[in-house]
Amino acid sequence: AFAREDTLARWSARDRGEASATALETRGGIAVPDAPRPRVEVRRVDPATGRSEVVAAGPIDDFAPSPSGRYLALVERGEGVAADDPLVQLAPTWRSRLRLVDLRSGADWRVWADRDVAANLLDWASGSDRLLAWARPDAGAWRDGDLWLVDAAARTAAPQLRGRLDPLGPDAFDLMTAVRATWMGEIPVVFAARPGQARRDWQAVRPDGVETLSARVPNPTPSLAGVAADGLMMVADGGVWRLRLGEGGRRLTPDDQVFARREARDPYAPQRQQLNAYPARDWAPVFDPSGGLWIVQADGARRRLTGQGGTAAWMSGTADWGVVTRRRDGVTRLSLEGPHEARILATANADLARVAFPRIVDVPHPDRLGRPASSRLFLPTDRPVERIRGVVVMTYPDSGATSGLYEPGVLFQGLNPLLPPGAGYAVLWAAMPDAPPLERAEAYARNIDIALDAAAAAVPGLPVDRTAVVGHSYGGYAALMVASATRRHRAYVSWAGPSEPAVMWGEFQGTERAALSDNLFLLYRAGWAETRQGGFGAPPWRTPEAYRAASPFYRADRFADPVLLITSDRDVVPMSAAEMMFSALHRQGKPARLVTYWGEGHWAFSPANLIDVDREIDAWLDRAFRTSTEDPRSASSRSATSSPSSPRP
């Protein structure tokens, strides 16, 4: 929203004959925008009168009030900082400083002048005005930091770990791989490993030493189902565990009874609240395989509530009742469930009860590396296998194929494999391991071949000679790489797929260009290319051969089959990725279509645009498969091994 306003303001300034420029400098690896970051205010609001007053102002990125209401912790933006080498994808490009404000007296305290505070941890103890934060020295890396206990009343800050624990593990520190820590009463607890060990456990940190709370848990998790003064609740290895001092972890549920934790979360909440916000309770709501809701108490007592079946998720409640969402046959119901009755509070998407959702078949098979994998096949229910129009292969490298995202009634903004079966297609969500940059095109194509062969064996008669490959984001990139490596498939769809990693490495996001003072993602795409999915390990000028080999754009001469390219002007993957690919295919006289959604980001949020995306894909598939369904001979002339640069039959 701010970027849109800034853009409109600059256009208006130009129309009035005024200067409309933005500027950004780099000095010693530090980005310096000409415009300062806008002033942010934190206000205290009286709910009875609606009156508010400013209690803090400045370049504030985050704040957290203490439970007593007396103190306010502020994370403020400091000076710029050069990126680490090797690059970390989501590392901020500025210092973050911690300031505490006494809301009674108005006095404030800048805790450090030479320490950088991590964005993911700002946790107050419930019974005292003491705060946990992770901070590093300005001259050091994040791994050189420590867990600090900040006492607001005493104005003291003391490191807690002093090298006794490693909470980071093998991961580089960024906004997505952060320290996990909270309070067990007045005792700090952190998910960390002992020196020299790979396994991380929940550790209690006390002045007299460190105690491993989850030592007896086979596979402890960084997620906690409950936090109380005398212990933690954790769901792991199919059971509910109690973590207390002196016990090392005690399983509260029988070994032969399997439970899972499914609690709704806000995907748009700040990362800090997603990573380090734990329920304050000494009980845990869990679900059995049938969808039954259970409340497990800290003493091991458990009780099944009255909700019935479906795919369920805990929303809110107490140890006696819960508000739960349950999905069945596409219909979502919000229910109030207690020990004796369940009451439906609201129903969403009731019309979906009349929709015939695809039949889902899990297809186990080894991947191209010989490891066990499982793809998922979605079959239309309105026709026999021999009348299926074609197979749409959806993929995303290194993804599992059985994600709950693809259950009926789950609405999301990406590709939905539940939709093409309604038009008569089968959808194969192909499990696919990633591959090194120099091997990707052929490796991706080979893995799709394996998944298709396994699907054909599982469902005889499946038309695996009439296929298209569809992907979003990194899946869209994979689709383009496959298009350059095989003639097996009739068409391709790439939505938000980065077609040229070297351009992806450095181009700004559309929302950044007009708001350079908020350059959080300045190095996001460079980090993507060098680390994580890109996996190139270095910038383009150090390994140009790898970038070129793994670039669909530089393999455009090998494309032969129709490609639908979908992009958006506010996407983190720049529009130029699709535009360059389209131009390359146009220059060669090869079939392609480019569709741009204005005002959208990496996904489509407008209902009209979501519908239009599906219409575009359906029309593209219809055009690709129409000839093959009318003339079976046209499919027999294609093969999985033919050269992509060979003449089209």
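Figures for the structure shown
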| read-out | value |
| --- | --- |
| Derived scalar couplings ³J(HN,Hα) [region 213-220; Karplus, 6.51 cos²θ - 1.76 cosθ + 1.60; whole Hz; x for Gly, Pro] | 7, 10, 4, 8, 7, x, 9, x |
| Cα-based radius of gyration of region 2-66 once divided by 2.2 N^0.38 Å, which approximates compact folds | 1.63 |
| Loop sites in region 47-139: trypsin sites (Lys or Arg not before Pro), DSSP, at most 11 other Cβ within 10 Å | R51, R104 |
| Residues whose placed amide H lies under 5 Å from that of Y597, excluding near-sequence neighbours | T567, S568, D569 |
| Helix-only mean residue ellipticity at 222 nm for the chain, each DSSP H run of n ≥ 4 adding -39500 (n - 2.57), per residue, nearest 500 | -5000 deg cm²/dmol |
| Within region 465-502, backbone nitrogen closer than 15 Å to the virtual label 7 Å beyond the Cα of D618 toward Cβ | none |
| Longest segment of the chain lacking GluC sites (Glu not before Pro) that sit in a DSSP loop with at most 14 other Cβ atoms within 10 Å | 342-649 |
| Spherically averaged projected area of region 1-139 from its Cα convex hull (nm²) | 12.0 nm² |
| Extended-chain gain in nm, criterion 0.36 nm per residue less alpha-carbon gap, R303 and D237 | 21.8 nm |
| Whole-Hz ³J(HN,Hα) from phi, Karplus 6.51 cos²θ - 1.76 cosθ + 1.60, for region 594-599, glycine and proline x | 10, 10, 10, 9, 7, x |
| 0 to 90° range, to nearest 10: angle between helix 2-15 axis and the chain longest Cα axis | 70 degrees |
| Long-range HN-HN contacts of W321 with modeled amide H, under 5 Å | none |
| Long-range HN-HN contacts of Q257 with modeled amide H, under 5 Å | none |
| The chain - Debye-derived log10 I(q)/I(0), Cα point model, q = 0.10 Å⁻¹ | -1.13 |
| Relative contact order [Cα under 8 Å, 6+ residues apart], the chain, whole percent | 8 percent |
| 0 to 90° range, to nearest 10: angle between helix 474-483 axis and the chain longest Cα axis | 20 degrees |
| Cα-Cα P(r), region 33-281, percent of pairs per 10 Å interval | 7, 29, 35, 21, 8, 1, 0 |
| Relative packing of peptides 567-573, 301-307 - highest average C-beta neighbours within 10 Å first | 567-573, 301-307 |
| Relative contact order for region 33-281, counting Cα pairs under 8 Å that sit 6 or more residues apart, in percent | 11 percent |
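Bear in mind these aren't lab numbers, they're just calculated from the coordinates by the rules spelled out. Treat the numbers as computed from the prediction; the structure is a model and nothing was measured. With ideal geometry, Cβ positions are generated from the backbone for all residues, glycine too; neighbour counts draw on all protein chains shown.
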